[in-house]
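Scroll down for the structure; my scribbles are underneath it.
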Amino acid sequence: MPQMSRRQIMPSSAPRRQRGLSLIGLLFWGGVIAVTAVVAMKIFPTVLEFYTIQRTVDRIAAANPPTVPAARADFDRATITEYSIQSIKSADLEISKDGSDKVVIEFAYDKEIDLFGPVYLLIKYRGRSK
């Protein structure tokens, strides 16, 4: 059998560049994901609180209380059982009636979230009964 040179055995193709994530890229994306996760974990409780307030306001408006103080008292009772409602009080609710004598309850509040150092995130929540 004739001797073949190494060049004849190996296919001649241009060397391909390696693909993948470098250590610097891994650290960068890890940092981005970590910061995003921390911000999401700080925002999530405020979003849950907003939906709890919205659900409570919808329930009170559906009961169609006869007076504004009765609606406020219902909200106060709900805040006792719903421990997550802390950003708004019954005095902050705007209670009115629409053209068909249905109770409409509106609310708005700001939530300031401390991210790190002097950096804060301000979220403005607004809601209205259905």
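Here is how the numbers come out for the structure above:
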{"item": "Calculated [θ] (222 nm, deg cm²/dmol) that DSSP helices of n ≥ 4 give over the chain, each run adding -39,500 (n - 2.57)", "result": "-15500 deg cm²/dmol"}
{"item": "Crossing angle, helix 23-63 versus the chain [Cα axis fit, 0-90 degrees, rounded to tens]", "result": "20"}
{"item": "The chain - Rg over Rh from alpha carbon coordinates, Kirkwood radius", "result": "1.52"}
{"item": "Most mobile of GLN54, GLN86, GLN18 in a GNM of the chain (Cα contacts under 10 Å)", "result": "GLN18"}
{"item": "Nearest 10 degrees, 0 to 90: helix 68-81 Cα axis against the chain principal axis", "result": "50"}
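Bear in mind that the values in this text are calculations on the coordinates, not laboratory data. Nothing here was measured: the structure is a model prediction, and the numbers come from that model.
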